[in-house]
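**Student:** Dumping the structure here so I can ask a few things about it.
What follows is calculated from the coordinates using simple rules that are stated; it is not laboratory data. Everything quoted here is computed from the prediction, not taken from an experiment. Counting neighbours? That spans all protein chains shown, and the Cβs are built from the backbone with ideal geometry, glycine included.
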Amino acid sequence: METNSEVPRADPESLIAKFQIEKLLKQDQHGRRITLLGSINNQQGILTAERAAFATESLEVIQAFHSAITRVKNLGDNDIYRWYLASSTGSNSSQSADSQQDLKLNLIWPCTAKHIKKYSDQQVRMVTETSEIYHQHVQPFMQAKREEGHLNWVFNILEGRTEQEDVIMRDAGQGPEDGFLMLPDLNWDRKTMNSLHLLALVHRRDIWSLRDLQKKHIPWLKYLRQRVLEATVKMYPDMEEDQLKLYVHYQPTYYHFHVHVVNVMLEAGATQATGKAFGLENIISQLETMSGGENASMADVNLTYYLGEASELWTEIYAPLKKGLSPIAHSN
């Protein structure tokens with residue numbers, strides 16, 4: 001740590017009030033930390049401000065936090081999912097409502113036991129899904145999940161029933177199955193560009209995950225990538241194409257192919273970590289270098305990724321396999 005032995009002594013608490021802000025140097029941690037350049041007594045200094053962690057030491061403290069939420073503004077809703085901006089500072093502030101909306105809220109209601117498992121704290125495990133495990137166990141698992149009908153919110157968007165005012169771009173593609181659209185991800189506050197997060201949803205329903213991608217899909221994937229980049233920089237002129245990262249999840253949260261579009265400056269949390277996010281460009285490159293004809297597929301490669309111990313994939317497939325037992329069977 002660099003020091004300056006000639007720094008004048010001063011009451012530490014008084015220095016914050018004396019700090020004269022000159023400019024913002026950086027904003028990170030999903031907008032929860034800012035680094036400011038300024039001066040105190042004509043000497044430059046850097047002030048970093050970070051929002052404190054939520055107080056969770058008791059149920060009463062959490063209930064008090066909830067009671068203080070005001071200025072709730074709905075950003076959108078679809079099926080059981082709703083998202084909002086709100087204020088955590090009460091309603092007595094003289095500042096405008098927009099400037100006081102320091103909370104991004106997501107509400108899932110009514111939720112299921114599966115949602116509770118997904119959002120609960122849990123240990124994670126790294127697994128390697130071979131082509132054999134995929135075809136024998138995971139693909140039937142995916143089919144069973146799709147047949148449970150949890151994709152209504154996706155189809156609502158694609159079929160024009162909800163969130164149409166949020167759609168940034170629609171593209172019919174280069175053929176009857178090539179269409180897709182793009183809109184903000186529900187986890188983005190829609191104003192902080194450093195945490196920009198968009199979602200491209202494809203219309204076709206035969207591609208559930210990256211496992212269904214084949215060499216014959218390369219032209220379509222390249223077209224999708226280019227159109228998504230073009231639409232994003234057109235909608236947000238402060239962004240350039242090389243400031244955007246495109247990836248897909250495996251395992252995805254839901255089994256309908258979609259591509260995430262984020263600012264490369266967005267700090268990589270769990271959803272962008274190795275073993276969860278697979279870069280679209282890398283997927284295309286892998287398909288291009290595969291041996292075989294146009295039907296050569298991502299279903300035939302080994303994929304290593306992580307799972308929470310509460311996930312059904314772990315409890316029903318990988319945990320039994322680890323113990324030398326037979327996974328729970330799903331009809332195919």
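**Student:** Using the per-residue mean of other Cβ atoms lying within 10 Å as a proxy for protection, in what order, highest first, do the peptides 46-57, 291-302, 223-234 fall? Spell out each step's value before the answer.
**Tutor:** Numbers: 46-57: 9.8, 291-302: 13.4, 223-234: 17.6.
So the order, starting with the most tightly packed, is 223-234, 291-302, 46-57.
**Student:** Applying 1/(1 + (r/R0)^6) with R0 = 45 Å to the Cβ-Cβ distance of Cys111 and Glu13, what FRET efficiency is obtained, to the nearest 0.05? Before the final figure, lay out the partial values.
**Tutor:** On the way: r = 45 Å, r/R0 = 0.99.
Computed FRET efficiency for Cys111 and Glu13 comes out at 0.50.
**Student:** Turning to a different aspect of this structure: Quick one: if you stick a label point 7 Å off each Cα along the C-beta vector at Glu165 and Asp206, how many nm between them?
**Tutor:** Reported label-point gap for Glu165 and Asp206 is 3.7 nm.
**Student:** Considering Cα pairs under 8 angstrom that are at least six residues apart, work out the relative contact order of the chain and quote it in whole percent. Working shown, then result.
**Tutor:** Numbers: 483 pairs, mean separation 55.2, N = 332.
Computed over the chain, the figure is 17 percent.
**Student:** Helix-only mean residue ellipticity at 222 nm, the chain, DSSP H runs n ≥ 4 weighted -39,500 (n - 2.57), per residue, nearest 500. What is it? List each step's numbers first, then the result.
**Tutor:** Working: 9 runs with 75 residues, N = 332.
After summing the helix terms and dividing by the residues of the chain, the value is -6000 deg cm²/dmol.
**Student:** FRET efficiency for Glu177 and Ser291, Cβ-Cβ distance as r, R0 = 35 Å, nearest 0.05?
**Tutor:** Once the sixth-power term is evaluated, E becomes 0.85.
**Student:** Please give the contour-minus-distance gain from Val264 to Gln43: 0.36 nm per residue of separation, less the Cα-Cα distance, rounded to one decimal in nm.
**Tutor:** Using 0.36 nm per residue and subtracting the Cα-Cα distance, I get 76.2 nm.
**Student:** So, how do all the Cα-to-Cα distances of the range 264-332 break down into 10 Å bins, in percent, from 0 on up?
**Tutor:** So the P(r) values, bin by bin, are 15, 33, 33, 19, 1.
**Student:** Hey, another quick one. Sort Leu105, Leu307, Leu158 so the one with the fewest other Cβ atoms within 10 Å of its own Cβ comes first.
**Tutor:** In increasing order of surrounding Cβ atoms, one gets Leu105, Leu158, Leu307.
**Student:** So which aspartates and glutamates can Lys73 reach, going by Cα to Cα under 14 Å and dropping same-chain residues fewer than 8 places off?
**Tutor:** Asp98, Asp102, Asp189
**Student:** So what does log10 I(q)/I(0) come out to for the range 83-208 at q = 0.11, 0.12, 0.17, 0.22 Å⁻¹, using the Debye formula with one equal point on every Cα and no solvent?
**Tutor:** Reported log10 I(q)/I(0), two decimals: -0.63, -0.73, -1.22, -1.36.
**Student:** Put a dot 7 Å past each Cα toward the Cβ at Ser67 and Phe155; how far apart are the dots in nm?
**Tutor:** About 4.4 nm, to one decimal.
**Student:** Follow-up question, since we're still on this one. Measure nothing fancy, just the Cα-based angle from helix 218-235's long axis to the longest principal axis of the chain, in degrees from 0 to 90, nearest 10.
**Tutor:** 20 degrees
**Student:** Any idea what log10 I(q)/I(0) is at q = 0.08, 0.12 Å⁻¹ for the chain, Debye with uniform C-alpha scatterers and no solvent?
**Tutor:** Normalising to I(0) and taking log10 leaves -0.50, -1.01.
**Student:** Taking the 0 to 90 degree range and rounding to the nearest ten, how far is the long axis of helix 280-289 tilted relative to the main principal axis of the chain, both from C-alpha atoms?
**Tutor:** With rounding to tens, the tilt is 30 degrees.
**Student:** Starting from 0.36 nm per residue, how many nanometres of slack lie between Lys222 and Glu241 once their C-alpha separation is accounted for? Show your work: numbers first, answer last.
**Tutor:** Working: separation 19, 0.36 × 19 = 6.84 nm, distance 1.42 nm.
Value of the extension gain: 5.4 nm.
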